[in-house]
Structures are given as C-alpha cells and as structure tokens.
Amino acid sequence: MTKDYLTVVPEEIISSKIFLIRDKKIMLDRDLASLYGVTTGNLNKAVKRNSKRFPDDFMFQLNKQEYGNLLFQFGTSSWGGTRTLPFAFTEQGVAMLSGVLNSDRAIQVNIQIMRIFTKIREMLVENLSLRIEVELIKKKLENQDKNIELVFSYLDELIDKHENPTPREPIGFKLSDK
C-alpha cells in the first residue's frame, strides 16, 4: 500500500512559488518544471501537445510588464537568460498538468500543490469572514460614537437650561395699582 501523503517538496518551497497576477493565483512554468523534475522546455512541449486542455483561464503567457514586476519583486535583473516570456498556470491549469505529466514525482508534487492551493483558498475565506466581522464591529462603534455625541449634546442643552433659566411670566391674577 502506498502512503496517502508523500512529501516530495516542502510546503514552504511550493508556497513561495505561488504568485498573484491578474487577480489569479498562479505558478510559473519554470517553477513547476523544477518541482516536477523536468526541464521548462519539456513541460511546455507537453502542454503544447495537449493545448486543448489549457484554455486561457488555465494558462496564459505573462506580458513584459508582469514579467518586469516579478523581476522587481525578486530583486534580480534576470532569470538566467529567459528568451521568452514565461507561462503562468492557474490552479486549474496545475490540476490539468497532472493529466499531461505522468511520472510518480509529478503526480506527488501535483497533489501537494493542489493541497496548498486549497489551504490558501481556505485562509482567504477565513480572512474574508474576519474582515467582515471587523467591519461590523467598526459600524457598531461608529453608531455608538454618534449616539454618545447625541447624548452629550442633549446633556449640554439641559445643563445650559438649568444654569440659565429663561424668566417666566407669572401666572395668575394681577392686582391693579389704581
């Protein structure tokens, strides 16, 4: 019987290779190739042979600006002679790679990657629910601040009326001075 979860690559290494581009979590072809133990060229050839499996929402090529932004994030001037702009694989594209690459290592690494994408998604959902709760608390506090200000303004009016009462006309019969 095989192990249910065989760790081939540490989670931290895989996590560090997931980026946010075009509002999508992606992994680059060169990073995936390295994790799978194949060359980037061979990975891209396998993808091209199975191009019908990789629509634009599964895989896309970075433009020069996106590539430049990644280089800036890494603080390097180049990635060692890359001649073409790298391909980016979304979570669905990475899942589809499991059907294209059949080595045992590729299968195990792919399982790890999919589990990490799931963890990231769960963390984002938890983060979103926390953010919503914080916003609700902020709104309640803002309302309480407004209510407290209103109470103080009423108190100020009452204190002012008490300290400076307006003279009242006496009520009743007036005696005439005749």
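The values are calculated or read from the model by the stated rules, or taken from the named source; none is laboratory data. Keep in mind it's a predicted model, so treat the numbers as computed, not measured. Counting neighbours? That spans all protein chains shown, and the Cβs are built from the backbone with ideal geometry, glycine included.
Any residue in region 67-82 that is at pLDDT 85 or above and surrounded by 14 or more Cβ atoms within 10 Å (Cβ to Cβ)? Checked region 67-82: no residue is at pLDDT 85 or above and surrounded by 14 or more Cβ atoms within 10 Å (Cβ to Cβ). Tell me, please, whether a residue that is at pLDDT 85 or above, among the small types (Gly, Ala, Ser) and more than 18 Å from Glu91 (Cβ to Cβ) can be found in region 136-154. Scanning region 136-154 turns up at least one residue that is at pLDDT 85 or above, among the small types (Gly, Ala, Ser) and more than 18 Å from Glu91 (Cβ to Cβ). Here Thr166 clears all of (1) of a type outside the set (D, E, K, R); (2) assigned to a loop (DSSP other than H, G, I, E, B); (3) under 30 Å from Arg30 (Cβ atoms) except the condition numbered (3). Counting only strands (runs of 3 or more DSSP E) wholly contained in region 22-135, the ones carrying 1 or more residues that are under 17 Å from Val9 (Cα atoms) occupy 24-28.
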